[in-house]
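The values are calculated or read from the model by the stated rules, or taken from the named source; none is laboratory data. Remember, it's a predicted structure, so these values are computed and weren't measured experimentally. Note that each Cβ is placed from the backbone with ideal geometry, even for glycine, and that neighbours are counted across all protein chains shown.
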Amino acid sequence: MHFPIIPEQFRQDLQLENMSSRALLNAKGELLGFGQYCRRHERCHLARLAVAPFRRGQGLGVQLIAALASEGVQALGVNECALYVYPQNPAARLYTRLGFHDVALPDGQRLDGCRYLVASVMLGFA
């Protein structure tokens, strides 16, 4: 997968049958944000996090991550959340601000130069 993702690739990669998906909508029903979670490496893995470009920088990313993390750790019975992020993705700064930090994958894998970030739910964003 490459960043930024193109719409067709996004549709193909959604894995709706394997992931819990959530959307942020405004009062008109317009999509403002989207994200998914699943269990991976005994953590709540957050994936496909996206906020509409015209709404970035307005706190929706924090709301989206908090909602997914809170629901995910409870549903999955885990204590940590994790995600992949490309170093050049501006959202990487948000993840760091929320307490995510770089760790090695349990099995030593890497995904196309992505960073693997983990945060404890005890940090308060969930």
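Listed by first and then second residue, the pairs with beta-carbon distance under 9 Å, at least 6 apart or on different chains, first residue in segment 62-78 and of a type in the set (Asp, Glu), second buried (at least 18 other Cβ atoms within 10 Å of the Cβ) and modelled with pLDDT under 95, are Glu71/Ala126.
Applying the selection to segment 28-42, what residues are part of a strand (DSSP E or B) and not small (Gly, Ala, Ser)? Correct list: Leu31, Leu32, Phe34, Gln36, Tyr37, Cys38, Arg39, Arg40.
Can you pull out the residues in segment 79-90 that are without any contact (Cβ under 8 Å) to a residue 40 or more places away in the chain and surrounded by 14 or more Cβ atoms within 10 Å (Cβ to Cβ)?
Of everything in segment 79-90, those that are without any contact (Cβ under 8 Å) to a residue 40 or more places away in the chain and surrounded by 14 or more Cβ atoms within 10 Å (Cβ to Cβ) turn out to be Leu83, Tyr84, Val85.
Being surrounded by fewer than 17 Cβ atoms within 10 Å (Cβ to Cβ) and at pLDDT 95 or above is a description that does not apply to His41.
Being crowded, with 19+ Cβ neighbours inside 10 Å and either part of a helix (DSSP H, G or I) or not hydrophobic (A, V, I, L, M, F, W, C) (or both) is the filter; apply it to segment 50-72 and report the residue that is farthest from the chain's Cα centre (by Cα). Result: Gly72. Restrict the check to segment 78-96 and report whether at least one residue is at pLDDT below 95, over 16 Å from His41 (Cβ atoms) and aromatic (Phe, Trp, Tyr). Within segment 78-96, one or more residues are at pLDDT below 95, over 16 Å from His41 (Cβ atoms) and aromatic (Phe, Trp, Tyr).
Comparison of Leu94, Leu117 shows that the only residue that is more than 23 Å from Asn18 (Cβ to Cβ) and in contact (Cβ under 8 Å) with a residue 12 or more places away in the chain is Leu94. Do we have Gly99 as touching a Ser or Thr at 6+ places or on another chain (Cβ under 8 Å) and either assigned to a loop (DSSP other than H, G, I, E, B) or surrounded by 16 or more Cβ atoms within 10 Å (Cβ to Cβ) (or both) here? Against the criterion (touching a Ser or Thr at 6+ places or on another chain (Cβ under 8 Å) and either assigned to a loop (DSSP other than H, G, I, E, B) or surrounded by 16 or more Cβ atoms within 10 Å (Cβ to Cβ) (or both)), Gly99 qualifies. Applying the condition of being in a loop (DSSP other than H, G, I, E, B) and out of contact with any helix residue (DSSP H, G or I) (no Cβ under 8 Å at 6 or more places or on another chain) to segment 79-93 and asking which residue is farthest from Ala104 (Cα to Cα) yields Pro90. Only residues that are over 18 Å from Ala66 (Cα atoms) and at pLDDT 70 or above were counted in segment 10-38, giving 5. In the condition set (1) of a type in the set (A, V, I, L, M); (2) at pLDDT below 95; (3) closer than 23 Å to Gln109 by Cα, Ala50 is compliant with all but (3).
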